[in-house]
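Quick notes on the structure that follows.
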Amino acid sequence: MNLRVHNTVSLTALVGTPMTDPSGHLRGKLKDVAVATGTEAGKVAGLVLKTREGLRVVVATHVRETPSGALELLEDAILSPLHGDENFLLLGQDLIDRQIVDIHGRKVVRVNDVDMEWIGAESMRHLRVVSVETGLRGAIRRIFKGLVPKATLETLAGRVKASGIPWEFVDVIEVDPARRVKLRIGHDRLAKMHPSDLAEILEDLAPAEREAIFQTLDEEVAAEALEEADPKLQKSLIASLNSERLADIVEEMDPGAAADLLSELPDARSEEILEEMDPEERHEVEELLEFHEDSAAGRMTTDFVSVPETATVADAVEQLRGFDGDPESVTEIYLVGESRELKGVVSLSRLVLALPETRLAVLAEPQFVSCRSNEHQKEVAELFDKYNLHALPVVNSVGKLVGVVLAEHVIAYLRDQ
């Protein structure tokens, strides 16, 4: 009777295993394991042998495991030369010691080993990848391999808690003909990741892997990641992008953050990007670039919601629905006069509790705090602390509302200090 059995084996333990033909003659030793990419990612496609004639690859289903733990070629097995441009991933060559992104754990890890298993009927089993080992267990296997008996090594490694990532969280790897590993994460996974987590992951990656990931992001996700990155990382991330692609990303950024980014670039590069931007977004960013970076205007955003001082709650709700900026950044609605001078502030908490026909002027705070555009950011931070603010409207010399400083801007300033 054929039973379905599972035996786990590590890549480290499997490499070096002798492989014989059906007559028992040694044909070579296992050098590596080839894994499919694309739609069949993770499937063991072939086994690479080191033979007297050089490296050869055999289809994985044409190999069986013998009771003694050796490997045996089936009658119809064909050993083909390994050219190096095949469309698969070599676990040992392309994955071991590489950095990868653990999407589940939101961190960058280094691969120490790969766990596989023999699965199927006892008379006809095949290999499949189960997980990658990123902890001490994989390191122990590799360090002590050949120094202690195989059984002893497995016992030793078995005493260490496994620290692995299921293969379904590693299907982000694809290989190009030059045998370079590129990390690619699907947008559906990245979209669920907090921008600060993504920025931290990008910072931890090696430059080539960082570039490979960043280039796959859509404009909105890339913009959010850039906003969370420090200036040094920002420069690294955008170094390989052309001006047109970077302009698309900058347009999705908060105008204040976009101005900060462009101010750190050489003037010629900054001008190239501005030229590629849509006129409306370009005008907003150019205005902010004129302000000193240490001033309130240098920290503010021009993405805010304002309505005429005669507006009602229904008018404000309609304006909120058409807001193009980050809705989570809106904590207040600003009332402005005919010349856009700041007349009042209404918190969202008051807005949601009022009837649609209620005039906003009735809901406005009796007193509100604002600051001039040339106010130093240190004084801005003190205002946030003194009045426990979530946002601070910024006005010019004649009282016109020109922007809003958010709490996150103040936190960024304090972190820099």
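Would a scan of the stretch 156-165 turn up a residue that is assigned to a strand (DSSP E or B), modelled with pLDDT under 80 and either of a type in the set (D, E, K, R) or surrounded by 15 or more Cβ atoms within 10 Å (Cβ to Cβ) (or both)? Working first, answer last.
Of the stretch 156-165, the ones assigned to a strand (DSSP E or B) are 164-165.
Imposing the further condition that a residue be modelled with pLDDT under 80 reduces the set to 164-165.
Now narrow it down to the ones that are either of a type in the set (D, E, K, R) or surrounded by 15 or more Cβ atoms within 10 Å (Cβ to Cβ) (or both): 164-165.
Within the stretch 156-165, one or more residues are assigned to a strand (DSSP E or B), modelled with pLDDT under 80 and either of a type in the set (D, E, K, R) or surrounded by 15 or more Cβ atoms within 10 Å (Cβ to Cβ) (or both).
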- For the stretch 250-263, does any single residue satisfy the condition of being assigned to a helix (DSSP H, G or I), over 19 Å from GLU209 (Cα atoms) and free of Cβ contacts under 8 Å to residues at least 12 places away in the same chain? no
- Query: Given the stretch 1-93, what strands (runs of 3 or more DSSP E) lie entirely inside it while holding 1 or more residues that are at pLDDT below 90 and closer than 25 Å to ARG137 by Cβ?
  - Reply: 7-10, 26-36, 44-51, 63-65, 71-73, 88-90
- Note on the structure: ARG125 passes all but one of the listed conditions (1) over 19 Å from GLY16 (Cβ atoms); (2) over 21 Å from the mean Cα position of the chain (by Cα); (3) modelled with pLDDT of 75 or more; (4) basic (Lys, Arg); the exception is number (3)
- Yes or no: LEU136 modelled with pLDDT of 85 or more, more than 14 Å from VAL35 (Cβ to Cβ) and either acidic (Asp, Glu) or surrounded by 13 or more Cβ atoms within 10 Å (Cβ to Cβ) (or both)? no
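Among the residues of the stretch 264-275 satisfying the criterion of being assigned to a helix (DSSP H, G or I) and open to solvent by less than 30 Å² (accessible area, probe 1.4 Å), which is farthest from SER373 (Cα to Cα)? Spell out the reasoning first.
Taking the stretch 264-275 and keeping what is assigned to a helix (DSSP H, G or I), we get 267-275.
So of that shortlist, the ones also open to solvent by less than 30 Å² (accessible area, probe 1.4 Å) come out as 270, 273-274.
On the way: SER270: 23, ILE273: 26, LEU274: 23 Å.
Result: ILE273.
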- Query: Going through the stretch 380-389 one residue at a time, which ones are open to solvent by 50 Å² or more (accessible area, probe 1.4 Å) and touching a residue at least 12 places away in the same chain (Cβ under 8 Å)?
  - Reply: TYR387
- Task: Could you look through the stretch 139-153, keep only residues that are modelled with pLDDT under 75 and crowded, with 16+ Cβ neighbours inside 10 Å, and pick out the one that is farthest from SER68 (Cα to Cα)?
- Result: ALA139
- Message: Just to be sure I understand the filter: pairs with C-beta atoms under 8 Å, separated by 6 or more residues or on different chains, first member in the stretch 354-367 and within 15 Å of GLN319 (Cβ to Cβ) and among the aliphatic types (A, V, I, L, M), second member outside any helix (DSSP H, G or I) and open to solvent by 60 Å² or more (accessible area, probe 1.4 Å). Which pairs pass?
- Response: LEU360/GLU309
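Pick from the stretch 212-233 the residues that are within 17 Å of LEU274 (Cβ to Cβ) and either surrounded by fewer than 17 Cβ atoms within 10 Å (Cβ to Cβ) or touching an Asp or Glu at 6+ places or on another chain (Cβ under 7 Å) (or both): which of them is modelled with the lowest pLDDT? I'd like the intermediate steps shown before the answer.
Here is the first cut: in the stretch 212-233, the residues within 17 Å of LEU274 (Cβ to Cβ) are 219, 223, 226.
Restricting the remaining residues to those that are either surrounded by fewer than 17 Cβ atoms within 10 Å (Cβ to Cβ) or touching an Asp or Glu at 6+ places or on another chain (Cβ under 7 Å) (or both) gives 219, 223.
On the way: GLU219: 88, ALA223: 91.
Per the stated criteria, the residue is GLU219.
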- If we scan the stretch 360-378, do we find a residue that is of a type in the set (S, T, N, Q) and within 19 Å of VAL307 (Cα to Cα)? yes
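The values are calculated or read from the model by the stated rules, or taken from the named source; none is laboratory data. If you're wondering where the values come from, they're calculated on a predicted model, not measured in any experiment. Quick reminder, even Gly has a Cβ in these numbers, built from the backbone with ideal geometry, and neighbours come from all protein chains shown. With ligands, DNA and RNA removed, areas are computed over all heavy atoms of the protein, side chains included. Shrake-Rupley method; radii C 1.70, N 1.55, O 1.52, S 1.80 Å.
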